[in-house]
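The values are calculated or read from the model by the stated rules, or taken from the named source; none is laboratory data. Keep in mind that what you see is a predicted model, and the values were worked out from it rather than measured. For neighbour counting, all protein chains shown are included, and Cβ atoms are generated from backbone atoms with ideal geometry for every residue, glycine included. What goes into the accessible areas is simple: the full protein's heavy atoms, side chains included, and nothing from ligands, DNA or RNA. Shrake-Rupley method; radii C 1.70, N 1.55, O 1.52, S 1.80 Å.
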Amino acid sequence: MIEAHHLTKTFKDKKRGLIAAVRDVSFTCRPGQIYGLLGANGAGKTTTLRLLATLLKPTGGSATVAGHDVVAAPELVRTHVGFLAASTALYGRLTAREMITYFGQLNGMDAAAIKARLKVLSAELDMGEFLDRRCEKFSTGMKQKTSIARTLIHDPAVMIFDEPTLGLDVMTARAIVAFVRECRNRGKTVIYSTHIMSEVEKLCDVAGIIHDGRLVAEGTLSELRARYAEADMEEIFVKAVGGEAAIAAALKN
Amino acid sequence: MNWRNLTTVYLKELRDSLRDRRTLLSTIIIPTLVIPLMVFGVGKVMSKVMSQAQGDSSPIMIVGGEDSPGIVAALKAERDPAKNRPVFRVVPTGDYRTAIGDKKIRAAVEIPTGFEAALKTGDAPTVTIFYYEGEIKSGLGQRALEKFFTDLRQKTAEKRLTEHNLPVSLLKPFEVKRKNAAPPEKVGGNLVGGFVPYLIIILCFTGAMYPAMDLTAGEKERGTMETLLCSPVPRVDIVLGKFLMVLTGSVSAMVFMLLSMGTTAFVGGSIMTGSGTTLKVGAAAAKTTVDVMPTVDPMGLFGVLAMVLPVAVLFAAAAFTISLFAKSYKEAQSYLAPMMIVVIMPAVIGMLPGIDLNVKLAFVPILNLSLVCKEMLSGIWHWDLIAIIFGSSSLYAAIALMLAVKMFNREDVMFRA
Ligand SMILES: Nc1ncnc2c1ncn2[C@@H]1O[C@H](COP(=O)(O)OP(=O)(O)OP(=O)(O)O)[C@@H](O)[C@H]1O
Ligand SMILES: [Mg+2]
């Protein structure tokens, strides 16, 4: 379960001054559901997810993740969260096994538990062939599989994915999407950010459209289709953020 | 703080660093090779150049001396019996100043008009020797000329005494003899004390530098920092685990240098005492003739190790904090390179003769270490100053470490856009 209440994040930047990356965002993600966070470049997706993963501290508002407050108990939140983003890379000089084992240890697991869990994950993700090779030589697909195993080693209740299919080929992207769906089927709370509309249609139970740091629309896919009288997710997105003009204005900034 | 977390982070960083070529180079390979290279490499080259220079006849010019053919002939005929060759190679007279400057000749001697005649009449003419101050080969030529003319003066004086039926011993009413009174380990301390602290300080810093950059800015650049921050481990444990690895780099650089120094001294001991080129690397060392093999007081060495520890902590924490601020390995390098000068300067000042430890200097980081090491290696123990140095260095180290933890908790440092 993720509950965000009036979440706000403002950055101080030397050149650009104050940047309101996330403004007054409230939403709820339930277990067994995939919440799709939709937004253009710079909309505030990554910042929102980092707030939930306690990598950043909110300047306003609050959030609870898996029952713990992100400000009061960030370490407890992190024990229940698996965070995967394009910016969470692997240690190139470690093998996949060492990498995943390290994160098991960091999550307080003992050697036997790590070994058992790693066996399961490696079978599910078909990693046997490269488990003992160093990550620096991996293909993008192998890297992504290793990263997923890294986020899942401690079997977290909440999964946070920030554009996990970025830069992947169709086959690998499909495998990832299937895996995210699998997480939901096991009853995990999943939040998934993307700007690829087709992924939202295929994957998400609830979608939130974020624009310029604000959550401008939210609902199940059928609710959104009904509200904007559009079937196509892309059209819904354009309407929700205020039409082509708003997109053009956002691009200028 | 949790020891289990800390150890997990530390062991991972240790394994990771042992697979990094740059870190291995700066923490193990260079420290191991630097001393043998300096002693056997530079020392050998230097003594080779020296003996070669001493082996050749000195090219010189004679200015004037047309009416003193006897002296000129004697100069040309002067032989070095030990090396069985002429001492001088007389070059036809020309512009001697330019020739010395261009290193065509080593020195020139001006023989005044009527020199030979003056020797007979008992006048006191002046012979002038021209040379290039500070140039080794020119110095050799100048010394050879000076020896020739002082010998001549001696002989002339003796001749005059015998002519007047006086004993030659009048010239030498007493003898002067020189003998080393310092115990061998103190000689060693002074010779070694000059540059060992200097080397230790530099290696401690370079040993900390590469792991520090790799574990902070390097991780940010490669995108693994965010992955690590996703783990539930408290930030303090991550900082301390990483810091411990940086400290390991610093200490290992020092330990490997000292080990290789011990081995070098052991293996090369006989060679070094034999040729007398022992530790010519230390500037003033060359002039001292050592009639005993210099040994280093092992207590002094232990003292040095103990004193270096807080400074290694300081270096590790400082290098860690500074490179934490950088976004990339390159940026970290550009911050740490100028730091190198800040580190070397006090170390060099400490090497200079004549600067001695006092209460005020005991508070100056790095310089205090360099000075106290020099003292300890030559068997001097100022316990009050040692306490001040250990205390102040530890305090600086603690401050630097606190700063590192603080930086690690700053979002704008960890997630610089
Ligand atoms: N550490 C930071 N310091 C300053 N500004 C930041 C920082 N991180 C993000 N921003 C700014 O906040 C805004 C939102 O950025 P964010 O990365 O959350 O967007 P996003 O929706 O993830 O975009 P993208 O699709 O490009 O990943 C942007 O204007 C960005 O420049
Ligand atoms: Mg993003």
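Things to note:
- Summed over segment B:310-357, the residues that are of a type in the set (Ser, Thr, Tyr) and touching a Gly at 6+ places or on another chain (Cβ under 6 Å) give a count of 1.
- Complete set of residues in segment B:303-336 that are open to solvent by 20 Å² or more (accessible area, probe 1.4 Å), closer than 24 Å to B:VAL236 by Cβ and part of a helix (DSSP H, G or I): B:LEU309, B:VAL313, B:LEU314, B:ALA318, B:ILE322, B:PHE325, B:TYR335
- Subset of segment A:70-97 [more than 16 Å from ligand 2 (Cβ to nearest atom) and closer than 17 Å to A:PRO156 by Cβ]: A:VAL70, A:ALA73, A:PRO74, A:GLU75, A:LEU76, A:VAL77, A:ARG78, A:THR79, A:HIS80, A:VAL81, A:GLY82
- Residue within segment A:40-52 that is modelled with pLDDT of 95 or more and more than 10 Å from ligand 1 (Cβ to nearest atom) present: yes
- Among the residues of segment A:1-19, those that are under 23 Å from B:LEU229 (Cα atoms) and either more than 14 Å from every other protein chain (Cβ to nearest Cβ) or away from ligand 2 (no atom under 16 Å from the Cβ) (or both) comprise A:MET1, A:ILE2, A:GLU3, A:ALA4, A:LEU7, A:THR8, A:THR10, A:LYS12, A:ASP13.
- Close Cβ contacts (under 7 Å, 6 or more residues apart or on different chains) running from residues in segment B:223-236 that are more than 7 Å from every other protein chain (Cβ to nearest Cβ) to residues that are hydrophobic (A, V, I, L, M, F, W, C) and open to solvent by less than 10 Å² (accessible area, probe 1.4 Å) comprise B:LEU228/B:ILE238; B:ARG235/B:PHE408.
- Segment A:20-33, subset surrounded by 23 or more Cβ atoms within 10 Å (Cβ to Cβ) and β-branched (Val, Ile, Thr), residue farthest from ligand 2 (Cβ to nearest atom): A:VAL25
- A:GLY61 closer than 16 Å to A:ILE210 by Cβ, away from ligand 1 (no atom under 15 Å from the Cβ) and either among the basic types (Lys, Arg) or touching a Ser or Thr at 6+ places or on another chain (Cβ under 7 Å) (or both): yes
- Residue match in segment A:71-79 (condition: in contact (Cβ under 8 Å) with a residue 60 or more places away in the chain, in contact with a Pro (Cβ under 8 Å, 6 or more places away or on another chain) and facing chain B (nearest Cβ under 10 Å)): yes
- Taking residues in segment B:88-114 that are farther than 17 Å from B:GLY64 by Cα, and partners anywhere that are β-branched (Val, Ile, Thr), the pairs with Cβ atoms closer than 9 Å and at least 6 places apart or on different chains are B:LYS104/B:VAL91; B:LYS104/B:THR98; B:ARG106/B:ILE60; B:ARG106/B:ILE100.
- Restricting attention to segment B:375-389, the residues that are at pLDDT below 80 and either assigned to a helix (DSSP H, G or I) or hydrophobic (A, V, I, L, M, F, W, C) (or both) add up to 1.
- Looking only at residues in segment B:239-259 that are buried (at least 24 other Cβ atoms within 10 Å of the Cβ) and β-branched (Val, Ile, Thr), the one that is farthest from the other protein chains (Cβ to nearest Cβ) is B:VAL246.
- The residue of segment A:147-156 that is most open to solvent (accessible area, probe 1.4 Å), among those that are part of a loop (DSSP other than H, G, I, E, B) and within 13 Å of chain B (Cβ to nearest Cβ), is A:HIS154.
- If the condition is being among the hydrophobic types (A, V, I, L, M, F, W, C) and either within 16 Å of ligand 2 (Cβ to nearest atom) or within 13 Å of chain B (Cβ to nearest Cβ) (or both), then segment A:124-146 contributes only A:CYS135.
- Residues that are open to solvent by 90 Å² or more (accessible area, probe 1.4 Å) and farther than 27 Å from B:LYS159 by Cα within segment B:103-124 comprise B:LYS103, B:LYS104, listed in sequence order.
- Per the conditions (1) open to solvent by 40 Å² or more (accessible area, probe 1.4 Å); (2) in a loop (DSSP other than H, G, I, E, B); (3) more than 21 Å from A:HIS80 (Cβ to Cβ); (4) not acidic (Asp, Glu), the sole criterion not satisfied by A:LYS143 is (2).
- Subset of segment A:96-107 [more than 7 Å from chain B (Cβ to nearest Cβ) and open to solvent by 20 Å² or more (accessible area, probe 1.4 Å)]: A:ARG97, A:GLU98, A:THR101
- Residue in segment B:389-405 that is within 16 Å of ligand 1 (Cβ to nearest atom) and either under 26 Å from the mean Cα position of the chain (by Cα) or within 14 Å of another protein chain (Cβ to nearest Cβ) (or both) present: no
- Looking across segment A:22-69, not a single residue is within 17 Å of A:VAL158 (Cα to Cα), without any contact (Cβ under 8 Å) to a residue 24 or more places away in the chain and part of a loop (DSSP other than H, G, I, E, B).
- In the set B:MET402, B:MET407, only one residue is assigned to a helix (DSSP H, G or I) and touching a residue at least 24 places away in the same chain (Cβ under 8 Å); that residue is B:MET407.
- A:ALA40 vs. criteria touching a helix residue (DSSP H, G or I) at 6+ places or on another chain (Cβ under 7 Å) and within 16 Å of ligand 2 (Cβ to nearest atom): yes
- Selection status of B:LEU357, without any contact (Cβ under 8 Å) to a residue 60 or more places away in the chain, part of a helix (DSSP H, G or I), among the hydrophobic types (A, V, I, L, M, F, W, C) and assigned by TED's automatic domain parsing to the domain that holds B:MET254: no
- Among (1) open to solvent by less than 10 Å² (accessible area, probe 1.4 Å); (2) within 13 Å of chain B (Cβ to nearest Cβ); (3) part of a loop (DSSP other than H, G, I, E, B) - the single one A:ARG93 does not satisfy: (1)
- Filtered residue count, segment A:1-19, keeping only those that are open to solvent by 10 Å² or more (accessible area, probe 1.4 Å) and more than 16 Å from ligand 1 (Cβ to nearest atom): 4
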